[in-house]
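The values are calculated or read from the model by the stated rules, or taken from the named source; none is laboratory data. Here the structure is a predicted model, which is why all the values come from computation and not from measurement. Here the Cβ positions follow ideal geometry from the backbone for every residue, glycine too, while neighbour counts run over all protein chains shown. With ligands, DNA and RNA removed, areas are computed over all heavy atoms of the protein, side chains included. Shrake-Rupley method; radii C 1.70, N 1.55, O 1.52, S 1.80 Å.
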Amino acid sequence: MDKLEHIGIAVRNLEQANALFAKLLGRPHYKIEEVASEGVRTSFFDVGGVKIELLEATRPDSPIASFIEKRGEGVHHVAFGVRDVAEQVARLEAAGFQALNKQPKEGADQKLIAFLHPKTTGSVLVELCQDKPTAKP
Ligand code: ZN
């Protein structure tokens with residue numbers, strides 16, 4: 001893992017949470033992005049190079065909706081930046097961790113991502129993310 005990239009926080013209402021976190025952090029969010037494939041709307045705050053990612057469900061079968069139903073709002077995942085998600089998934093699976101995504105998938109913020117099962121990581125949902133390689137012209 002190269003760095004702490006962001007902390008994902010599940011919220012019921014993105015507008016209310018944006019206002020709360022803007023007050024808490026002393027700065028506004030800098031973007032909102034919907035990831036339709038995941039059923040989430042996200043907003044981002046930058047705190048000294050580490051992001052806070054607020055996540056709101058956009059449909060009832062979104063993973064964020066079921067998380068909030070079970071556990072309420074709060075910290076949802078911790079994301080580490082890596083150079084190569086696929087390579088790290090292979091390394092971690094060999095070390096006994098269970099990946100939820102065998103193949104990296106598209107996340108918010110121009111990232112390729114994969115999650116590790118919390119049962120193998122001390123109940124912390126861990127996300128790995130890398131910047132999506134830019135298409136060569
Ligand atoms: Zn994330």
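Structure summary
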| item | result |
| --- | --- |
| Considering residues of region 28-44 that are assigned to a helix (DSSP H, G or I) and within 14 Å of the ligand (Cβ to nearest atom) only, the residue farthest from LEU55 (Cα to Cα) | SER37 |
| Set GLU34, GLU56: member being crowded, with 20+ Cβ neighbours inside 10 Å and in contact with a Lys or Arg (Cβ under 6 Å, 6 or more places away or on another chain) | GLU56 |
| Test: residue in region 116-137 that is within 13 Å of the ligand (Cβ to nearest atom) and small (Gly, Ala, Ser) | no |
| Some residue of region 69-76 being within 25 Å of PRO133 (Cα to Cα) and either part of a loop (DSSP other than H, G, I, E, B) or aliphatic (A, V, I, L, M) (or both) | no |
| Single condition CYS129 does not satisfy, out of (1) assigned to a strand (DSSP E or B); (2) farther than 22 Å from LEU55 by Cα | (2) |
| Yes/no for GLU69 being within 15 Å of the ligand (Cβ to nearest atom) and either open to solvent by less than 80 Å² (accessible area, probe 1.4 Å) or of a type in the set (D, E, K, R) (or both) | no |
| Flag if THR121 is open to solvent by less than 50 Å² (accessible area, probe 1.4 Å), farther than 16 Å from SER37 by Cβ and not hydrophobic (A, V, I, L, M, F, W, C) | yes |
| Lone qualifier among GLU5, GLU15 - being within 14 Å of the ligand (Cβ to nearest atom) and not in a loop (DSSP other than H, G, I, E, B) | GLU5 |
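Residue-wise test of (1) in a helix (DSSP H, G or I); (2) under 15 Å from ALA108 (Cα atoms); (3) without any contact (Cβ under 8 Å) to a residue 60 or more places away in the chain.
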residue: LYS23; (1), (2), (3): yes, no, yes
residue: ILE52; (1), (2), (3): no, yes, yes
residue: GLU56; (1), (2), (3): no, yes, yes
residue: PRO60; (1), (2), (3): no, no, yes
residue: ILE64; (1), (2), (3): yes, yes, yes
residue: PHE80; (1), (2), (3): no, yes, no
residue: ARG83; (1), (2), (3): no, no, no
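Matching residues to (1) out of contact with any Leu (no Cβ under 7 Å at 6 or more places or on another chain); (2) open to solvent by less than 20 Å² (accessible area, probe 1.4 Å); (3) closer than 13 Å to ILE9 by Cα:
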site: LYS23; (1), (2), (3): yes, no, no
site: PRO28; (1), (2), (3): yes, no, no
site: THR42; (1), (2), (3): no, yes, yes
site: GLY48; (1), (2), (3): yes, no, no
site: GLU73; (1), (2), (3): yes, no, yes
site: ALA90; (1), (2), (3): yes, no, no
site: GLY96; (1), (2), (3): yes, no, no
site: ALA114; (1), (2), (3): no, yes, no
